[in-house]
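Beneath this line is the structure, given in structure tokens, with notes to follow.
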Amino acid sequence: MPELPEVETIRHQLQQKIAGKTIKSVEVRYPKVVHGMSATEFARAIQNKKIKDIGRQGKLVLIRFDGNTLVVHLKMTGRLLFHNPPHPSLTLREGVKKFPPLRVRPASPAKRGEGGAGGVTKSTEVVFTFTNGTVLHYDDIRRFGYMKIVPTDEEAKFVQKEQLGIDFFDKAMIFENFRDLIRSRGGSQIKPLLMKQSLIAGIGNIYAQEACFEARVHPLRKANTLSDRELKELHNALRAIMQKAVKYHGSSVDAFVDAYGQPGKFVPHLKVYGREGEPCRRCKTQLVKKNIGGRGTVFCPKCQT
Ligand SMILES: [Zn+2]
């Protein structure tokens, strides 16, 4: 599932590509993706509307119009793909191949028939066409994601209803607030606690493991036994790792691709996730994997205490 860095990658790319654009038409190909209203009402609500900006709360993408917000939850395999198709008249003209391709970037996953920013596939659920001819697709192979339109001034209420806590990149997430939030959960195990979206939104299975490793904290440690210094290290690690992951456009450990259909490039920088049995990068001890709170967790049994 995309976590904060992956969703932030998409938010940032969409901010560059679709903010300021006006939606010309909306084609809902899978009506169940729309929650709270019919597909027709959904299309009518945002047709001819201009996108003001793109926000994010935890793993939710918030596409804001004047007065309304389109909330998109990508869940496991949802993809928002920006596509800049060549003008139809160009493809008809002879010698068009002499011109450089008009696509923003080559959409290699699309060529393999996995979706990508190349065109409509059988997993395309919604097609947004903008007045300048560019297109945004919502694709979802497993169909768990959803879209919902809420009044922008009720965004906070919606987030609360979804039981989403404060976003880890929120400017209020300073160390003291992080420490108090973690300590408020008493004897809970730290790694599952970091992933608890109702407490802090955005941290998932990958980055919780990486942060525990970086801070040398055993993933089973109880929240109320962590010292100020350890919590400070965890807070620093989460920020540093996730900021770096955004720079690399996220980790594509599963089906994740960015808004251009390209996989993220952060996986080679992961130090424990997916590396069970390999030597610890700090002390060379063999990394172990344990099921913690229902999720596989890799850590170093020696230097994480
Ligand atoms: Zn180690």
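The values are calculated or read from the model by the stated rules, or taken from the named source; none is laboratory data. Keep in mind that this is a model prediction, so the values were computed, not measured. Cβ: placed from backbone, ideal geometry, glycine included. Neighbour counts: every protein chain shown. Calculation scope for accessible area: heavy atoms of the full protein, side chains included, ligands and nucleic acids excluded. Shrake-Rupley method; radii C 1.70, N 1.55, O 1.52, S 1.80 Å.
Numbers for the structure displayed
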quantity	calculated
Mean separation of Cα contacts under 8 Å, 6 or more apart, over the residue count of the stretch 166-299: relative contact order %	21
Viscosity 0.692 mPa s, temperature 37 °C, Stokes-Einstein D of the stretch 166-299 from Kirkwood C-alpha radius, µm²/s	215
Solvent-accessible area per residue for the stretch 166-299 (1.4 angstrom probe, square angstrom)	44
Segment Leu220-Arg142, length gained on full extension (0.36 nm per residue, minus Cα span)	24.9 nm
Net lengthening on full extension, Asn291/Ser38 (0.36 nm per residue, minus Cα-Cα)	87.0 nm
Within the stretch 43-78: backbone nitrogen closer than 11 Å to the Thr131 label point (7 Å, Cα to C-beta)	48-51
For the chain: relative contact order, % (alpha-carbon pairs under 8 angstrom, 6 or more apart)	20
Estimated inter-spin distance, Glu176 and Cys303, nm [label 7 Å along Cα→Cβ]	3.3
Global form of the chain, assessed from the alpha-carbon gyration tensor, a/c cut-off 1.5	prolate
Spin-label model distance (nm) - Lys24 vs Asp254, 7 Å beyond Cα toward Cβ	3.5
Potential extension, Glu278-Lys244 segment - 0.36 nm per residue separation minus Cα distance	9.9 nm
Radius 11 Å from Cβ of Thr129, net charge of other residues (Lys, Arg +1; Asp, Glu -1)	+1
Of Lys32/Lys244; Lys17/Lys148; Lys32/Lys265; Lys196/Lys232, pairs whose Cα-Cα distance is over 24 Å	Lys32/Lys244; Lys32/Lys265
